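I have placed the structure first, in the form of structure tokens, so that the comments after it can refer back to it.
The values are calculated or read from the model by the stated rules, or taken from the named source; none is laboratory data. Just so it is clear, the model here is predicted, and its values are computed rather than measured. Cβ atoms come from the backbone with ideal geometry, glycine included; neighbour counts cover every protein chain shown. Note: accessible area is taken over every heavy atom of the protein model, side chains too, but ligands, DNA and RNA are not part of it. Shrake-Rupley method; radii C 1.70, N 1.55, O 1.52, S 1.80 Å.
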Amino acid sequence: MGHITLKTIAERLNISIATVSWVLAGKGKERKISPATQERILLCAESMNYHPNMLARALTRGVSNTVGLILPSISDSFYSAIAKAIELSLDKIDYSLMICSSESETLRENRMISMLKSHRVGGIILAPMEISKVEIRQLINESYPLVLFDRFFPDLPANYVLIDNEESSYKLVDHLIRKGSRKIACITINPHLHHMNLRRKGYEKALKKHRLEINPELIGEVAFHGYEKDIPATLDRIFHQVPEVDAFFFASHILAIEAFQYFRVHHMDYNRKFRLGSIHEEPLFQNIAPHINVAMMPVAKIGRQIVDILAEQMNVKYSPPNTTTLETKENINRSVVLPCKLIIRDNN
């Protein structure tokens with residue numbers, strides 16, 4: 001049997017193509033088509049192994065059953081795990097995923113947004129650069145289905161899914177202090193990234209709680225671009241200015257990896273010498289830093305929540321997970337803040 005079309009089913013049942021199309025699009029009741037006719041069409045489509053022409057559907061509806069995902073880096077294990085979680089959730093609503101990488105470049109991010117719109121994707125998911133907001137503001141003005149994650153703009157009315165950055169950092173540093181650390185270095189990325197600023201606030205909050213000095217010499221800020229090259233110089237400075245440093249809090253797992261490389265080059269037994277804490281982790285942490293404490297991001301929940309919010313904007317039926325959401329003042333946009341799971345490994 002050749003390719004099965006709406007016309008093939010209509011001729012088999014001797015009914016109009018429009019009737020078949022409405023029923024298979026889920027509009028049978030709305031079009032007042034009898035339940036018996038709807039059942040005949042559905043059974044026939046199933047028996048003939050009918051698969052809709054997605055391109056034709058996109059041209060008819062103006063959008064495709066595809067969602068665009070723009071990541072800062074495909075190679076980062078966190079973002080690749082997020083992509084997998086999103087793809088699994090999208091599969092439940094018969095949507096596919098188109099993945100792009102902005103390489104953390106604002107101009108490239110803007111090009112990716114334009115490209116996805118030209119491909120008529122049903123919605124866009126984005127971990128944005130926090131420098132330029134022009135394209136994102138335009139998406140909001142167009143009411144384009146959009147969800148931001150990992151990062152967001154406090155002054156833009158966009159849907160977003162985040163971890164509780166400040167509280168997660170606070171709990172990690174509070175633990176390090178309770179274990180006896182007093183000279184805790186904070187390795188972070190320049191604070192124009194709002195989520196990184198929140199993580200630094202959590203670090204400072206824990207120090208203030210225990211009445212410890214917030215020492216600028218213990219805070220190392222590296223550039224987002226080229227952080228790999230900045231880490232050695234930053235650590236050199238910290239060890240020179242505060243040689244008695246006894247713990248490290250890493251605002252991102254990618255910073256921890258570079259620091260471990262520095263420690264190894266300088267023959268430091270960092271697993272014994274320092275207490276360690278990191279927001280999220282790489283799988284290899286269990287081998288190279290088995291005692292590091294981690295605020296683990298709930299990747300699967302993040303993916304489900306993103307798709308839940310996007311499906312609502314695209315008017316697609318979807319069963320949302322049982323997670324509390326915080327509505328904005330206008331009760332239009334949704335902001336979801338998820339807690340991290342604190343994994344303590346230095347109790348021995």
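The figures follow:
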{"item": "Semi-axis lengths, Å, region 76-123, gyration tensor of Cα atoms, sqrt of 5 times eigenvalues", "result": "21, 16, 5"}
{"item": "Theoretical gain in end-to-end length, residue 7 to residue 315 [0.36 nm per residue, Cα-Cα removed]", "result": "108.2 nm"}
{"item": "Distance histogram in 5 Å bins (all Cα pairs of region 184-263, percent per bin)", "result": "3, 15, 29, 27, 18, 7, 1"}
{"item": "Residue 25/residue 88 FRET efficiency (R0 25 Å; Cβ-Cβ; nearest 0.05)", "result": "0.50"}
{"item": "FRET efficiency for residue 137 and residue 341, using Cβ-Cβ distance with R0 set to 45 Å, rounded to 0.05", "result": "0.85"}
{"item": "Separation between Cα centres of region 186-204 and region 116-178, rounded to whole Å", "result": "16"}
{"item": "Accessible area (Å², 1.4 Å probe, nearest 10) - residue 200", "result": "60"}
{"item": "Scattering curve values for the chain, log₁₀ I(q)/I(0), Debye with Cα scatterers, q = 0.11, 0.15 Å⁻¹", "result": "-0.79, -1.22"}
{"item": "Under the Debye formula (equal points on every Cα, no solvent term), log10 I(q)/I(0) of region 207-251 at q = 0.18, 0.19, 0.31 Å⁻¹", "result": "-0.60, -0.65, -1.23"}
{"item": "Gaussian network model of the chain, springs between alpha carbon atoms under 10 Å - residue of 182, 272, 12 with greatest fluctuation", "result": "12"}
{"item": "Loop sites in region 214-247: GluC sites (Glu not before Pro), DSSP, at most 14 other Cβ within 10 Å", "result": "244"}
{"item": "Sum of -39500 (n - 2.57) over DSSP H runs of 4+, divided by residues of the chain (222 nm, nearest 500)", "result": "-13500 deg cm²/dmol"}
{"item": "For region 97-222, accessible area per residue (1.4 Å probe, heavy atoms of protein chains only), Å²", "result": "41"}
{"item": "Dimensions (Å) - region 66-182, Cα atoms, principal axes, largest first", "result": "56, 31, 23"}
{"item": "Cα-based radius of gyration of region 112-162 once divided by 2.2 N^0.38 Å, which approximates compact folds", "result": "1.04"}
{"item": "Top of 153, 249, 224 by mean-square fluctuation, Gaussian network on the chain, Cα under 10 Å", "result": "224"}
{"item": "Per-pair calculated FRET efficiency, R0 = 25 Å: residue 209 and residue 269 via Cβ, rounded to 0.05", "result": "0.25"}
